[in-house]
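The values are calculated or read from the model by the stated rules, or taken from the named source; none is laboratory data. Because the structure is predicted, anything quoted here is derived from the model rather than measured. Cβ atoms come from the backbone with ideal geometry, glycine included; neighbour counts cover every protein chain shown. Areas reflect the complete protein model, heavy atoms only, side chains present, ligands, DNA and RNA absent. Shrake-Rupley method; radii C 1.70, N 1.55, O 1.52, S 1.80 Å.
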Amino acid sequence: VSQSRYTHNLGSVPGCMIVKYYSGTTPGGTDWYTYHRGLATPATQFLRFSTTAGVATSTIWGSTSPTATEFYVATTTLNQSGTNYVVYLFAHDAGGFGLSGSDNVISCGSYTGNGSASGPTVTLGYEPQWLLVKRTQASTSNSWCVYDNMRGLSFAASPFLQPNTTGAESTGTDVVPTATGFRLTSTSTNTNSSGSSYVYIAIRRGLMRVPTNGTSVFTPSTRTGTGATATFSGAGFPVDAAWVRY
């Protein structure tokens with residue numbers, strides 16, 4: 001396969017790459033082409049971030065997986081002369097964070113669904129604050145789903161966005177975070193069809209350094225009740241837990 005190589009400075013082997021043309025001709029169309037290490041043969045397969053389609057087989061990566069310093073594309077589709085492309089690279093368990101400098105903050109992996117509300121548990125080694133999931137079978141048609149704690153990823157709910165659509169947020173209880181990863185909790189085919197393979201990108205939640213003062217992680221507040229619904233603000237950080245005492 002004729003291919004070209006390009007250098008990158010991610011500092012580790014990419015677990016996922018998303019490529020999109022932004023000017024010039026479009027021999028490969030307007031799709032967002034996605035490489036993911038969790039596919040069965042990632043060097044010869046791809047997903048389209050802009051569609052619901054499952055995995056496709058192709059040599060667009062030059063049949064070569066990326067390295068810690070380079071990635072590869074074939075000389076068609078993603079390497080048209082005179083066309084400009086942007087490439088987003090996502091690391092996988094590369095370390096470099098935390099007090100020891102060895103903590104991971106992002107993981108790109110895969111799991112197999114079981115079609116049960118007591119779904120599989122994925123171990124990351126940390127609680128995620130952001131999660132992207134996609135079903136990968138070639139014959140399937142399922143949206144990409146994005147979950148994050150700022151919109152309510154919790155043990156009680158998992159609202160999600162579907163970046164391949166223009167739709168607003170949907171509600172669900174498909175995923176719950178754990179102290180060391182996440183667990184699938186519904187029979188939705190988007191996340192947990194029996195025997196189906198899925199890929200994900202997970203980003204770590206939590207402080208990566210020791211607080212320098214107490215108000216970075218704790219803020220007391222007082223108020224006088226009015227008998228009406230009340231909103232508290234001004235903590236200065238996302239609130240994970242609140243105690244109320246009168």
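Overview of results
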{"read-out": "Residues of segment 120-143 satisfying the condition of being closer than 15 Å to LEU184 by Cα, part of a loop (DSSP other than H, G, I, E, B) and either at pLDDT below 95 or touching a Pro at 6+ places or on another chain (Cβ under 7 Å) (or both)", "value": "GLU127"}
{"read-out": "Residues satisfying the stated conditions in segment 61-77, i.e. among the hydrophobic types (A, V, I, L, M, F, W, C), assigned to a loop (DSSP other than H, G, I, E, B) and surrounded by fewer than 23 Cβ atoms within 10 Å (Cβ to Cβ)", "value": "ALA68"}
{"read-out": "Complete set of residues in segment 24-37 that are within 22 Å of the chain's Cα centre (by Cα) and either within 19 Å of SER141 (Cβ to Cβ) or surrounded by fewer than 16 Cβ atoms within 10 Å (Cβ to Cβ) (or both)", "value": "THR30, ASP31, TRP32, TYR33, THR34, HIS36"}
{"read-out": "Index of the failed condition, TYR21 passing every other in (1) part of a loop (DSSP other than H, G, I, E, B); (2) open to solvent by 50 Å² or more (accessible area, probe 1.4 Å)", "value": "(1)"}
{"read-out": "Among (1) open to solvent by 60 Å² or more (accessible area, probe 1.4 Å); (2) among the small types (Gly, Ala, Ser); (3) farther than 19 Å from GLY109 by Cβ - the single one GLY152 does not satisfy", "value": "(1)"}
{"read-out": "Options GLY195, GLY172, GLY225: the member that is in contact with a Pro (Cβ under 8 Å, 6 or more places away or on another chain), more than 30 Å from GLY96 (Cβ to Cβ) and not β-branched (Val, Ile, Thr)", "value": "GLY172"}
{"read-out": "Positions within segment 24-57 being over 24 Å from VAL122 (Cα atoms) and part of a loop (DSSP other than H, G, I, E, B), in sequence order", "value": "GLY24, THR25, THR26, PRO27, GLY28, GLY29, THR30, ASP31, TRP32, SER50, THR51"}
